[in-house]
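Notes for the one structure printed next.
The values are calculated or read from the model by the stated rules, or taken from the named source; none is laboratory data. Predicted, not measured: the structure shown is a model, and the values here were computed from it. Glycine gets a Cβ as well: all are built from the backbone with ideal geometry, and neighbour counts include every protein chain shown.
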Amino acid sequence: MAVVRRTAKGIWDRYSASDPGLLRLMAGLRTVGAILLALAVLAPLGTSVTHLVAGAMTAMVATFAIQEKEVRGQAITLALGLPVALAAISLGALLNSRVVAGDVFFIVLIFGAVYCRRFGDRGTALGLIGFQVYFVSLFVSASTSALPTLYLTLTIAFACSAVVRFAVVPETPERTLARLREAFRARLAQLIAHQIELLDADTDSGEGPEKVLDDLRRSTARLHEAALMIQGRLDEGSRDAAAAALLQRRVADAEI
């Protein structure tokens, strides 16, 4: 049993080291969960295939576009994203039959979406939502007569995104910081293991030490990456300034 536990812990350490904070895993679970939930809600309502596509794509963008660290900020951005999405789908339906005007507006929208990035994570998310939903309206050939149904579809998609984000796969800055600390310890252990391998490497063979040196450089870079990720999450992940300063000092000491 002890061997099984050690093996399982080793596998988990390797995985947590490969995905610090499990950020990619959690983002993937939220996105896929939002899409599946939106389809599960829309399908029994007799929604057409094109509107199912619109709902799934809207749930996807409403989930992955929001990158804010605070839960409150995520909720505000998600709430603001719905009117942006409704406005984008309306403009897409109105301009769908006006080719020249629609193309000109599409170019302006692309510029606006990129320009919104100067306003931080919230501006980036709202710009991306507006652009993607407008693209969805073109993809499904939205018409003004279908707007009421599309409004309902988009509202359900945003609601499903909120349910998955805040209830099914919840995330807090404190929990993320704790997982980042686990990933840092796992990467530090890998670095130490490669240092031991370097000491034990056969100096008579040039290939062996060179490979270990490459692994050592890679592990050092990965440790620095984990340290920077912890640094970027300290303000939100720790309410105690003294504890945050202590963690920052310990991470710096471990790197040295």
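Would you call VAL136 over 15 Å from THR50 (Cβ atoms), hydrophobic (A, V, I, L, M, F, W, C), assigned by TED's automatic domain parsing to the domain that holds VAL49 and touching a residue at least 24 places away in the same chain (Cβ under 8 Å)? It is false that VAL136 is over 15 Å from THR50 (Cβ atoms), hydrophobic (A, V, I, L, M, F, W, C), assigned by TED's automatic domain parsing to the domain that holds VAL49 and touching a residue at least 24 places away in the same chain (Cβ under 8 Å). For region 188-196, the criterion of being surrounded by 16 or more Cβ atoms within 10 Å (Cβ to Cβ), among the hydrophobic types (A, V, I, L, M, F, W, C) and under 30 Å from THR77 (Cβ atoms) is met by none of the residues.
If you take the residues of region 64-92 that are outside any helix (DSSP H, G or I) and in contact with a Ser or Thr (Cβ under 8 Å, 6 or more places away or on another chain), which of them is surrounded by the most Cβ atoms within 10 Å (Cβ to Cβ)? Looking at residues that are outside any helix (DSSP H, G or I) and in contact with a Ser or Thr (Cβ under 8 Å, 6 or more places away or on another chain), I get ILE66. Out of curiosity, is ALA17 aliphatic (A, V, I, L, M), under 30 Å from SER219 (Cβ atoms) and touching a residue at least 40 places away in the same chain (Cβ under 8 Å)? Yes, satisfied.
A quick yes/no check of all residues on (1) on the phi < 0 side of the Ramachandran plot; (2) crowded, with 19+ Cβ neighbours inside 10 Å; (3) of a type in the set (A, V, I, L, M, F, W, C); (4) out of contact with any helix residue (DSSP H, G or I) (no Cβ under 6 Å at 6 or more places or on another chain):
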{"position": "TYR115", "(1), (2), (3), (4)": "yes, no, no, yes"}
{"position": "GLY127", "(1), (2), (3), (4)": "yes, yes, no, no"}
{"position": "GLN132", "(1), (2), (3), (4)": "yes, yes, no, no"}
{"position": "VAL164", "(1), (2), (3), (4)": "yes, yes, yes, no"}
{"position": "ALA186", "(1), (2), (3), (4)": "yes, yes, yes, no"}
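Being touching a Leu at 6+ places or on another chain (Cβ under 8 Å) and surrounded by fewer than 16 Cβ atoms within 10 Å (Cβ to Cβ) holds for only one residue in ALA54, ALA43, and it is ALA43.
Tell me, yes or no, whether region 173-195 has at least one residue that is among the basic types (Lys, Arg) and at pLDDT below 80. No, that holds for no residue. Is it the case that THR63 is within 30 Å of ASP235 (Cα to Cα) and not charged (D, E, K, R)? It is true that THR63 is within 30 Å of ASP235 (Cα to Cα) and not charged (D, E, K, R). Regarding PHE135, is this residue within 28 Å of ARG30 (Cβ to Cβ), more than 20 Å from the chain's Cα centre (by Cα) and not small (Gly, Ala, Ser)? Criteria met by PHE135.
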